[in-house]
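The values are calculated or read from the model by the stated rules, or taken from the named source; none is laboratory data. The structure presented is a predicted model; accordingly, all values stated were derived computationally and were not measured. All Cβ positions, even for glycine, are placed from backbone atoms using ideal geometry, and neighbour counts span all protein chains on display. Protein only, heavy atoms only, side chains kept; ligands, DNA and RNA dropped before computing areas. Shrake-Rupley method; radii C 1.70, N 1.55, O 1.52, S 1.80 Å.
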Amino acid sequence: IHLPETMLARMVHNYYEGSLVRVVARDSTSIKAREKACNKKKDVKKTKYKRGRPRKGVLRIPKENKRVSKQLKQSPGKSLSQLDKECGWGCKENSQGKVQYTKGYKLHFDVTENGIPVSSCVTGANVHDSQVAIVLEKITERRITHLYSMADSAYDFPEHRLYITGNGRVPVIDLNNRRSPNKKELGPLEKEQYKARTVVERANSHLKDNLLPKALYIKGYRKVNFVLQTGVLCLAALK
């Protein structure tokens with residue numbers, strides 16, 4: 001089952017051995033599945049609390065330690081083992097600001113500026129992109145030496161930036177203002193560098209249009225993971 005990922009690691013290592021990669025772009029893509037989800041559609045809706053002190057008798061769930069904070073000290077394998085891998089409902093805002101729901105899985109992967117996949121993993125669609133960011137960064141740094149890590153605003157959180165800068169690389173990540181009244185923007189140089197991130201979107205399109213089946217008729221994480229990872233391996237070979 002893990003054969004495609006092992007072959008991808010060897011291919012990337014042999015191709016880039018001793019060389020320096022300028023850019024690694026990170027993203028995920030949703031994969032629809034025809035099986036029962038491990039959660040309900042209503043579970044993925046965010047619970048919004050009004051600002052200020054709660055009413056009398058209203059209990060708020062205390063925040064637990066962030067999973068991403070624990071991932072800083074964990075191995076990639078252990079971090080992945082703690083993520084949901086079964087088919088699930090997930091939601092994401094599109095470019096028009098509308099929420100789209102998907103039942104299935106998510107394929108997360110890193111590609112170089114030439115569109116060559118470096119690392120990838122599969123989770124349930126209910127896993128947010130930020131939960132896999134540090135894991136992918138750790139796997140990628142073992143296979144290649146790169147200078148810039150690029151991602152969209154879903155990957156903009158302090159722990160991710162801290163890990164990238166702490167290992168001598170530069171994060172070029174779109175800013176997530178999170179309802180802040182004073183919106184921040186990337187600087188002119190970062191905006192120009194951020195244009196290179198479109199390579200991972202083209203890789204997503206190439207993968208889903210040409211190398212993956214139009215519909216998944218198989219069920220279960222092990223089979224789905226094998227099919228998706230084989231598609232990533234074929235994309236790496238083509239590139």
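Observations, loosely collected:
- Longest DSSP-loop-exposure-free segment, GluC sites (Glu not before Pro), the chain, at most 11 other Cβ within 10 Å: 65-184
- The calculated 222 nm mean residue ellipticity attributable to helices in the chain amounts to -10000 deg cm²/dmol, summing -39500 (n - 2.57) over DSSP H runs of n ≥ 4 and dividing by all residues.
- For region 188-239, the set of chymotrypsin sites (Phe, Trp or Tyr not before Pro) satisfying both a DSSP loop assignment and a count of at most 14 other C-beta atoms within 10 Å is given as Tyr217.
- Largest GNM mean-square fluctuation among Leu136, Leu107, Leu175, using the chain with Cα springs under 10 Å: Leu175.
- Computed from point charges on the beta carbon alone (+1 for Lys and Arg, -1 for Asp and Glu), the dipole magnitude for region 176-234 about its Cα centre is near 320 Debye.
- Carbon plus sulfur fraction of accessible area for region 85-166, probe 1.4 Å, in percent: 47
- Counting every C-alpha pair in region 57-172, the share spaced more than 20 angstrom apart comes to 48%.
- In terms of overall dimensions, the chain has a Cα radius of gyration and Dmax of 18.4, 63 angstrom.
- Average Cα contact separation per residue, the chain, under 8 Å, 6 or more apart, as relative contact order %: 29
- Accessible surface, region 138-226, averaged per residue in Å² (probe 1.4 Å): 60
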